[in-house]
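The values are calculated or read from the model by the stated rules, or taken from the named source; none is laboratory data. Every value quoted in this text rests on a predicted model; they were computed, and no experiment measured them. Ideal geometry is used to build each Cβ from the backbone, glycine not excepted, and the neighbour counts take in all protein chains shown. Note: areas computed on protein heavy atoms with side chains; ligands, DNA, RNA excluded. Shrake-Rupley method; radii C 1.70, N 1.55, O 1.52, S 1.80 Å.
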Amino acid sequence: MLKRKELRQESVNRRIVWEKPFFLGVLIVVEKPLLIVNNIEVTYEHVIKVLKAVSLVVPEGGMVALLGANGAGKSTTLKAISNLLKAERGEVTKGTIEFDGMRIDLMDPAKVVKRGVIQIMEDRRLFEHLTVERDLLTGAYTRRREKAAVKQDLEMVYHYFPGLRGRRNTKTGYISGGEKQMVAIGRALMARPKLMLLDEPSVGLAPLLVREIFDIVGTLNREQKVTILLAEQNVAMALQIAGYGFVMENGRVVLDGDSQTLKDNEDIKEFYLGLTDIGKKSYRDVKRYKRRKRWVA
Amino acid sequence: MLFFLEVILSGLLAGVMYSLVAIGFVLILKASGVFNFAQGAMVLFAALTFVCLLEKAIPFWAAFFITLAVMIVLAVAIERIVLRPLVAKPPIILFMATIGLAFFLEGLGQGIWGADVHGLNIGIPDDPFEWLMNKGILISQFDLVAAFIAAILVTVLVLFFHKTATGTALMAVSDDPEAAQSVGISLRWIWVITWSISGFVALVAGIMWGTRLGVQYSLSLIVLKALPVLILGGFESIAGAIIAGLIIGASEKLADVYIGPYVGGGLENFFPYFLAMVFLCFRPYGLFGREAIERV
Ligand SMILES: Nc1ncnc2c1ncn2[C@@H]1O[C@H](COP(=O)(O)OP(=O)(O)OP(=O)(O)O)[C@@H](O)[C@H]1O
Ligand SMILES: [Mg+2]
């Protein structure tokens, strides 16, 4: 049975397809989208065009998945939102990004964090010579004047990740992969964000651990009211917790819909979930079909 | 025995002065990932500015803080003009930029203040410390004061790194600049801070060394003394810079006194490099250098 909150989330997520006229209802005015990525194009090194006209919308309080295979452009999209592309010689060359009613695509990355958008980068990216606790505290850097609140939030992080308490004085270079992902999420939480951009938290973790991490992410979404945009290759897992999903291929969004619709979609079943009703196809067929689809896209 | 003690002590004290210069390098390397070729020029520039202000009859502390302000302005300018446009460029390009910076600073300093040799006297005599002299050990008072000041400086730096949010942010930047940015740490601000601190350390080192050697162009060559210290201590460790400075100071004096006579002397200038080379063979990342942490 769906709880009321989940029901509400479902309806919020459904409404985010606001550009489709038949969904335009009265409620859209009430629940405005938190993040609007509008037709962005991203170029690396001035010549390598990686994203082509990517648009997505994330509603306040929602949990949205950004799905796609290796190299589809998920990380690039998230970095564009956080304005972290400069360090990799990348650039948003077209389009706009709006967060909470304000354009953030030309904003300094530190300001973006201050406004409430934080990214948990692929591969955890911890500061390996800092202890777990000090690493967590770097997340509160933008709020370093609010000492008491930061202390409380540290307790909150240990509440959600009790396993980290015992590791607080260990250098993050020496903790396990699962613990690293927990520190990465906890560190982001220390910034008290409105929107968390989570880049492939499941990578390199055992299925049981992935489940645990995803559960906590879901809990944070509900209890701390953190809106979440989750980039994942693990489509099955992601569609279990997210209410809505965008599918990327080759630098474009090729499909979007609420989780159930996506789960029922034949292409998704075939290429991402590994299920198929259309009878058996050889791996080569699938590969060819995928390639063709890429070229067409 | 007393003589042996005297050699070691004076060596250790000289080593502290090497550490002082080496720390300036370490700070910048940690924060901007670049070996700052201009560190020596910064020492010269700071000392020159300071001594010329003194000669204009400006009181000691006023001159000190004015020079400090100049070094901070310099840090802001370096961030704006050199570091910001070169972000995400390979380290070698940044290194080349610091070579340019070195020439620019040497030119600027001598352009404004002239190329004369200035004597610097900060009122601490370079005479033997009496209490020790009565015990039969000749140690300069100035060396003792210099070591004391260096010790305070280092303590303050270590506290700053480990107890403040900005210090933690700086350590984060040295581990992973991009991840640091992702949590809202502004690289520009961290660069300004570290170059300012490094300018401050350069000023202190410049005053100490300037008092010793006179303030002149060759002051910028004290970086040659810092190089073996860096190799020995590891380029990214403040503790390493201090301990390596002490080791180099003591060992070069010992080598000079006890081995020197057999090889015709002059060992003091050569021994640190020999030691550094031996170390490169056995511990290429230095005594306290940061081995990349790898879990197996
Ligand atoms: N710094 C860079 N310079 C040039 N090309 C890049 C750079 N970073 C990524 N790319 C290219 O951009 C494309 C998208 O990469 P991106 O990392 O966004 O994919 P992804 O969906 O996150 O993939 P993965 O699931 O493997 O993380 C890839 O083809 C990649 O080769
Ligand atoms: Mg990625």
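Structure above, values below:
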| quantity | calculated |
| --- | --- |
| Cα centroid separation, segment B:2-44 to segment A:162-187 (Å) | 36 Å |
| Per-residue SASA entry for B:Ser237, accessible area with 1.4 Å probe, Å² rounded to 10 | 10 Å² |
| Highest-first arrangement of A:75-81, A:207-213, where packing means the average Cβ count within 10 Å | A:75-81, A:207-213 |
| Qualifying aspartates and glutamates (Cα of each under 18 Å from Cα of B:Lys56; at least 8 residues distant if same chain) | B:Asp116 |
| In order through segment B:232-248: 3J(HN,Hα) via Karplus (6.51 cos²θ - 1.76 cosθ + 1.60), integer Hz, x for Gly, Pro | 5, x, x, 6, 10, 10, 5, 4, x, 4, 5, 5, 5, x, 5, 4, 5 |
| Contour excess over end-to-end distance, with Cα ends at A:His159 and A:Asp100 and 0.36 nm allotted per residue | 18.4 nm |
| Sorted largest first, extent of segment B:22-72 alpha carbons per principal axis (Å) | 39, 15, 15 |
| Ratio of Rg to Rh over segment A:125-190 (Cα coordinates, Kirkwood Rh, two decimals) | 0.94 |
| Average beta carbon contacts from partner chains per residue of A:57-70, 10 Å cutoff | 0 |
| Inter-site label distance for B:Met277 and A:Asp123 at 7 Å from Cα along Cβ, in nm | 3.8 nm |
| Percentage of interatomic Cα-Cα distances in the protein assembly as shown larger than 37 Å | 46 percent |
| Highest average packing first - A:57-68, A:220-231, A:195-206, Cβ atoms within 10 Å | A:57-68, A:195-206, A:220-231 |
| From phi via Karplus (6.51, -1.76, 1.60), per-residue ³J(HN,Hα) for segment B:131-139 in Hz, x at Gly/Pro | 4, 6, 5, 5, 8, x, 10, 9, 10 |
| Residue-averaged 222 nm ellipticity for the protein assembly as shown, from DSSP H runs of 4+ at -39500 (n - 2.57), nearest 500 | -17500 deg cm²/dmol |
| Charge-dipole axis of the protein assembly as shown as Lys and Arg at +1 and Asp and Glu at -1 on Cβ define it, positive-most pick from A:Val112, B:Trp191, A:Leu136 | A:Val112 |
| Euclidean distance of C-alpha centroids, segment B:149-193 and segment B:201-259, integer Å | 24 Å |
| Share of Cα-Cα pairs in segment B:2-282 lying beyond 23 Å, as whole percent | 55 percent |
| Area of B:Ile152 that stays accessible when all protein chains are in place (1.4 Å probe, Å², to 10) | 90 Å² |
| Residue-averaged beta-carbon neighbours from other chains (10 angstrom radius) around A:188-195 | 1 |
| Evaluated at q = 0.09, 0.14, 0.17, 0.18 Å⁻¹: base-10 log I(q)/I(0), Debye formula over Cα of segment B:1-152 | -0.40, -0.85, -1.08, -1.14 |
| Positions from segment A:135-156 whose accessible area shrinks by 30 Å² or more when the full protein complex is built, not the chain alone, probe 1.4 Å | A:Thr138, A:Tyr141, A:Arg144 |
| Distance from segment A:79-106 to segment B:65-139 (C-alpha centre basis), Å | 39 Å |
